[in-house]
Amino acid sequence: MTITEPVLSVFETVESEVRSYCRAWPTVFERARGSRLYDEGGRDYLDFFAGAGSLNYGHNNPVLKRALLDYLEQDGITHGLDMSTTAKRAFLETFQSTILAPRELPYKVMFPGPTGTNAVEAALKLARKAKGREAVVSFTNAFHGMSLGSLAVTGNAFKRAGAGVPLVHTTPMPFDNYLGGRVPDFIWFERLLEDQGSGLNQPAAVIVETVQGEGGVNVARPEWLRQLAELCRRRDMLLIVDDVQMGCGRTGGFFSFEEAGITPDIVTLSKSISGYGLPMSLCLFKPELDIWEPGEHNGTFRGNNPAFVTATAALDTYWRDGVLREQTLIQGGRIERALRDICSDDPGAGTSYRGRGMVWGLEFQDKERAAAISRRAFENGLLVETSGPEGEVVKLLPSLTISPAELEEGLEILTRSVRETG
Ligand code: PMP
């Protein structure tokens, strides 16, 4: 009998072992539209993942695609370092008129490298430069990116270990509800700040996610965020809100901190800012913090002009009125009801849910269960990922433009997948 070795795909023979999402979703995707992806075998999948929050307006959104195709057709600038271009001007003008001005946000706009971690690195560097101090406070279960500065303010032990060098000049503090509400908010943080013997160097800044996406969909209460902003003001620390995943409408408002009524000193945005899944990121800061020397922080890929074109089209289409925000809150309510039903289906299992807008997490006591549900959901035609320090949370992140019928269909598949793995 001849035994034939299974044929390994080029992904296995050539691509690095570091690949991850493809392991959870073992197929080869070919095309996508809206909230549906199709693999090369023609099978379709509903998307409750949305490119980890990069596709808030869906895959190949037709309005954004038209703008992009027109731009390319006219030989518009594709790569522009930080040269002034018509595409960048249109973006800045539109961002100013649709997002910043109506919210009375005074921010200057910086284009760092194209990914979220580039924006975080710029934010940390600027905060340290502005305050002339090295210490930065982050929060338990935070996620801010994989480059060394961002990793130093990220909680996950596995990811941190990958650095291979000490991750220093940062101190973690308990995120909202980390201690189960047993101690008053910020008591530890305040104590360390006021005690000259605490060993905490006076921080330049505090970096926070309003909802920790990778950390398990941990939602900070608006009053906790307000207290944090007040503490930062009182103690002369800059407040950085990392809105890379929760910005661009994910929680309802364009910025996730709007609900709390706070104005951070520095804000990072990426993922859905281009609206089309094209790499782009922004670091926003109050004008008095604009103390950069020309070229002091730069990079080759800061002028992704096709991304500026789709970003402008996305702002024009979705942010000139409050329709998308309303729809996000309504559809979010529908998700919440479905998760409540899932939890009450099996009250003994200790399953819980939490979220805001269109980002929701379903946490299981049995830590293996979330991965099993994600796998079963894939078999049933739904893409959902897991998050949390041990992957114990099923994370729902559908596009904001998903139709009510598709949302219903996805929630139905999720409910079935939970039952089938019970
Ligand atoms: N900050 C937050 C809050 C994120 O969720 C992420 C990505 N998941 C990042 C930063 C890093 O972004 P990127 O992967 O584009 O570098």
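Answer yes if at least one residue in the range 261-284 is open to solvent by 50 Å² or more (accessible area, probe 1.4 Å), more than 18 Å from Ala50 (Cβ to Cβ) and within 22 Å of the chain's Cα centre (by Cα), and no otherwise. Yes, the range 261-284 contains at least one residue that is open to solvent by 50 Å² or more (accessible area, probe 1.4 Å), more than 18 Å from Ala50 (Cβ to Cβ) and within 22 Å of the chain's Cα centre (by Cα). It is to be established whether one or more residues within the range 397-404 are of a type in the set (Ser, Thr, Tyr), open to solvent by less than 10 Å² (accessible area, probe 1.4 Å), out of contact with any helix residue (DSSP H, G or I) (no Cβ under 7 Å at 6 or more places or on another chain) and not assigned by TED's automatic domain parsing to the domain that holds Glu93. No; the residues of the range 397-404 include none that is of a type in the set (Ser, Thr, Tyr), open to solvent by less than 10 Å² (accessible area, probe 1.4 Å), out of contact with any helix residue (DSSP H, G or I) (no Cβ under 7 Å at 6 or more places or on another chain) and not assigned by TED's automatic domain parsing to the domain that holds Glu93.
So, Gly213, is that one out of contact with any Phe, Trp or Tyr (no Cβ under 6 Å at 6 or more places or on another chain), within 13 Å of the ligand (Cβ to nearest atom) and open to solvent by 20 Å² or more (accessible area, probe 1.4 Å) or not? Judged against the criteria, Gly213 is not a match.
Here's the yes/no breakdown for (1) within 16 Å of the ligand (Cβ to nearest atom); (2) surrounded by 21 or more Cβ atoms within 10 Å (Cβ to Cβ); (3) under 21 Å from the mean Cα position of the chain (by Cα); (4) not in a strand (DSSP E or B):
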{"residue": "Ala119", "(1), (2), (3), (4)": "yes, yes, yes, yes"}
{"residue": "Ala123", "(1), (2), (3), (4)": "yes, yes, yes, yes"}
{"residue": "Arg133", "(1), (2), (3), (4)": "no, no, no, yes"}
{"residue": "Ser150", "(1), (2), (3), (4)": "yes, yes, yes, yes"}
{"residue": "Phe158", "(1), (2), (3), (4)": "yes, no, yes, yes"}
{"residue": "Phe175", "(1), (2), (3), (4)": "yes, yes, yes, yes"}
{"residue": "Asp185", "(1), (2), (3), (4)": "no, no, no, yes"}
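Please indicate, with yes or no, whether at least one residue in the range 156-167 is at pLDDT 95 or above and touching a strand residue (DSSP E or B) at 6+ places or on another chain (Cβ under 7 Å). Looking through the range 156-167, none of the residues is at pLDDT 95 or above and touching a strand residue (DSSP E or B) at 6+ places or on another chain (Cβ under 7 Å). Being at pLDDT below 95, in the same structural domain as Pro287 (by TED's automatic domain parsing), more than 20 Å from Lys271 (Cβ to Cβ) and open to solvent by less than 70 Å² (accessible area, probe 1.4 Å) is a condition met by no residue of the range 82-103.
A residue that is within 16 Å of the ligand (Cβ to nearest atom), buried (at least 16 other Cβ atoms within 10 Å of the Cβ) and at pLDDT 95 or above can be found somewhere in the range 56-69.
Conditions (1) at pLDDT 95 or above; (2) over 23 Å from Arg250 (Cβ atoms), marked per residue:
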{"position": "Asp321", "(1), (2)": "yes, no"}
{"position": "Gln327", "(1), (2)": "yes, no"}
{"position": "Gly350", "(1), (2)": "no, yes"}
{"position": "Arg354", "(1), (2)": "yes, no"}
{"position": "Trp360", "(1), (2)": "yes, no"}
{"position": "Glu363", "(1), (2)": "yes, no"}
{"position": "Ala377", "(1), (2)": "yes, no"}
{"position": "Asn380", "(1), (2)": "yes, yes"}
{"position": "Glu392", "(1), (2)": "yes, no"}
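Which residues, taken from the range 136-146, are open to solvent by 10 Å² or more (accessible area, probe 1.4 Å), of a type outside the set (Val, Ile, Thr) and either more than 16 Å from the ligand (Cβ to nearest atom) or touching a Pro at 6+ places or on another chain (Cβ under 8 Å) (or both)? Asn141 - this is the single residue of the range 136-146 that is open to solvent by 10 Å² or more (accessible area, probe 1.4 Å), of a type outside the set (Val, Ile, Thr) and either more than 16 Å from the ligand (Cβ to nearest atom) or touching a Pro at 6+ places or on another chain (Cβ under 8 Å) (or both).
The values are calculated or read from the model by the stated rules, or taken from the named source; none is laboratory data. Everything numeric here is computed off the predicted structure, so don't read it as measured data. So basically every Cβ, Gly included, is an ideal-geometry build from the backbone, and we count neighbours across all protein chains shown. Note: accessible area is taken over every heavy atom of the protein model, side chains too, but ligands, DNA and RNA are not part of it. Shrake-Rupley method; radii C 1.70, N 1.55, O 1.52, S 1.80 Å.
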